[in-house]
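Notes follow the structure.
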Amino acid sequence: MIRSMTAYASAETGGSAGTLSCELRTVNHRYLELSPRLPDELRSLEPALRERIAAKLSRGKVDVTVRSGDARSESLQVDNALLARLSELNLDMQARFPGMQVQFTELLRFPGVLRQQAVDPEARQAALFEVLDRALDALTATREREGAKLEQVLRERLDAVERIVAQVREWMPEIRAALRARLEVRLADLKQPADPGRLEQELVLQITRSDVDEELDRLATHIAETRRVLGLKEPVGRRLDFLMQEFNREANTLGSKSVDARSTNAAVELKVLIEQMREQVQNIE
């Protein structure tokens, strides 16, 4: 299935490991380039995160942003018994020292009043992978929707290229006949009569130089191969990019061999269509 390399997706989750959110932004790139931004407490999981993304994406520049809520504040616990004992001591001390004042925040700083429950590393990793997988699934769905649009554009351009190739084939007998007529007129203008054998040799030479049957055949082959590649269930961006180069090479040769305004215009139209396809292919995974 054709996939675009441009997409955005996000996901969020919450639990004992705290709140986690993941944003993925991708644009076209020749290879897979990952740029992860993780909070400090998740930095050790970056290699595993890279492997998980590479298993689902093959090309594109991928910006990965993971944000975490304050899991520490969610896991704080108060030792109520110790706090009550400190409060009693505070009241007792106030009777003995009337000018003494103790703030509530100072009581919280007393060792043991606030206890932080450690976050399980396995739970943290599971939470990260869970939110990452959901973001990747959403990203893939977006890429496929955009890819379907790109595929439609490519198939429309391929149909147009095929029509031009068929049209040039129809013109070739007329172009060869016109070429022979022009050559005969030029030879008739010569003061000395031309050797019939020489006329045939010159005609064969001119027709050979302007023969584009091979280029038209290769263009037809490239059209068929591109349609086949579009139906593959794997990333095909690099194959399509190579095919666009081959298309362009044949269109250039067709233009250089042209001896007729119609085939020249056809070569120009082919180049326009091929360039339009090439621009779309640059965004395919």
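The values are calculated or read from the model by the stated rules, or taken from the named source; none is laboratory data. Note that the coordinates shown come from a computational prediction; the quantities given were computed from them, not determined experimentally. Virtual Cβ from ideal backbone geometry, glycine too; neighbours counted across all protein chains shown. Each accessible area value is taken on the protein alone, full model and side chains, heavy atoms only, with ligands, DNA and RNA left out. Shrake-Rupley method; radii C 1.70, N 1.55, O 1.52, S 1.80 Å.
Some notes on this structure:
- Test: residue in segment 236-246 that is of a type outside the set (Lys, Arg) and part of a loop (DSSP other than H, G, I, E, B): yes
- Selection status of VAL153, modelled with pLDDT of 90 or more, surrounded by 19 or more Cβ atoms within 10 Å (Cβ to Cβ), of a type outside the set (Lys, Arg) and part of a helix (DSSP H, G or I): no
- When THR65 is tested against the conditions (1) touching a helix residue (DSSP H, G or I) at 6+ places or on another chain (Cβ under 7 Å); (2) modelled with pLDDT of 95 or more, the lone failure is (1).
- Residue in segment 24-44 that is over 26 Å from ARG238 (Cα atoms), open to solvent by less than 20 Å² (accessible area, probe 1.4 Å) and free of Cβ contacts under 8 Å to residues at least 60 places away in the same chain present: yes
- Extreme residue, farthest from the chain's Cα centre (by Cα), among residues of segment 233-248 that are open to solvent by 40 Å² or more (accessible area, probe 1.4 Å) and under 11 Å from MET1 (Cα atoms): LYS233
- Candidates LEU230, LEU203, LEU216, filtered to the one that is under 24 Å from VAL268 (Cα atoms) and either open to solvent by less than 30 Å² (accessible area, probe 1.4 Å) or modelled with pLDDT of 95 or more (or both): LEU216
- Number of residues in segment 249-285 that are open to solvent by less than 60 Å² (accessible area, probe 1.4 Å), assigned to a helix (DSSP H, G or I) and within 22 Å of ARG239 (Cα to Cα) equals 9.
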